[in-house]
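Presented below is the structure to which this report refers.
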Amino acid sequence: MKVTHAAYLKSALRLEDCPTDGRPEVAFCGRSNVGKSSLLNTLLGRKGMAKTSKTPGKTQTLNFFDVNQRLYLVDLPGYGFAKVSVSLKREWSAHMMRYLREREQLSLVVHLIDGRHKPSPLDHEMLDLLEEAERPTLIVATKFDKLKQSERKPNLTRIREDLGLDEAAVILPYSSMTQLGHKELWRFIEDSI
């Protein structure tokens, strides 16, 4: 997809605060600092649109980005390492789970996993939740530019085996730095809407 228009639309914490125009939505989830905001910025072709930070927990709401006045990309709060209170984490979690389970406009969830490491227990929990919610899900292995060429295939195999995925399941390698996987990810998004 060629992005001719990309703009931050709004942040929402509650489902009731989400856009009401019925456009399809593609949500991006993953642990804190997995590269969600960087990936979104490269997809949108706009540096700094989705706020990046070295401090985990920067994204604290559902952030909606309008693409070509045709669909929304949604940056979800990261799970795992945010340095915030337990009660705030619970509140984020409850609202995010409600969004993932109930949002009719949600066409695809892109689940980001750090391609350099074995999936965490929280990655497993998120995948279980998406399966339970019966949401179409694409797994994207981020930060692939940080791997040596000889490590790439074994790491994808390790992720596939650790998550218990069959050979038909797609795990898309991605790098925000080199744009590896960029066109393929847009193809999945277009197919989902």
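The values are calculated or read from the model by the stated rules, or taken from the named source; none is laboratory data. Computed from a prediction, not measured in an experiment: that's the story for all the values here. Here Cβ is always computed from backbone atoms with ideal geometry, including for glycine, and neighbour counts include all displayed protein chains.
Data for the structure
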quantity	calculated
Conditions (1) part of a strand (DSSP E or B); (2) in contact with an Asp or Glu (Cβ under 9 Å, 6 or more places away or on another chain); number of the one not met by Thr178	(1)
Of all residues making up segment 149-172, the number that are more than 18 Å from Leu108 (Cβ to Cβ) and under 17 Å from the mean Cα position of the chain (by Cα)	1
Enumeration of residues in segment 164-187 that are touching a residue at least 40 places away in the same chain (Cβ under 8 Å) and surrounded by fewer than 18 Cβ atoms within 10 Å (Cβ to Cβ)	Gln179, His182, Trp186
Selection count, segment 68-112, where residues are β-branched (Val, Ile, Thr), at pLDDT 90 or above and either surrounded by fewer than 19 Cβ atoms within 10 Å (Cβ to Cβ) or more than 19 Å from Pro24 (Cβ to Cβ) (or both)	0
Yes/no for Ile159 being at pLDDT 95 or above, in contact with a His (Cβ under 6 Å, 6 or more places away or on another chain) and surrounded by 18 or more Cβ atoms within 10 Å (Cβ to Cβ)	no
Test: residue in segment 123-133 that is loosely packed, with under 13 Cβ neighbours inside 10 Å, at positive phi, modelled with pLDDT under 95 and not β-branched (Val, Ile, Thr)	no
Residues within segment 4-38 that are crowded, with 17+ Cβ neighbours inside 10 Å and in a helix (DSSP H, G or I), tallied	3
Filter result (at negative phi, outside any helix (DSSP H, G or I) and touching a residue at least 12 places away in the same chain (Cβ under 8 Å)) within segment 134-161	Arg135, Pro136, Thr137, Leu138, Ile139, Val140, Ala141, Thr142, Leu147
Selection count, segment 39-50, where residues are assigned to a loop (DSSP other than H, G, I, E, B) and either buried (at least 21 other Cβ atoms within 10 Å of the Cβ) or in contact with a strand residue (DSSP E or B) (Cβ under 7 Å, 6 or more places away or on another chain) (or both)	4
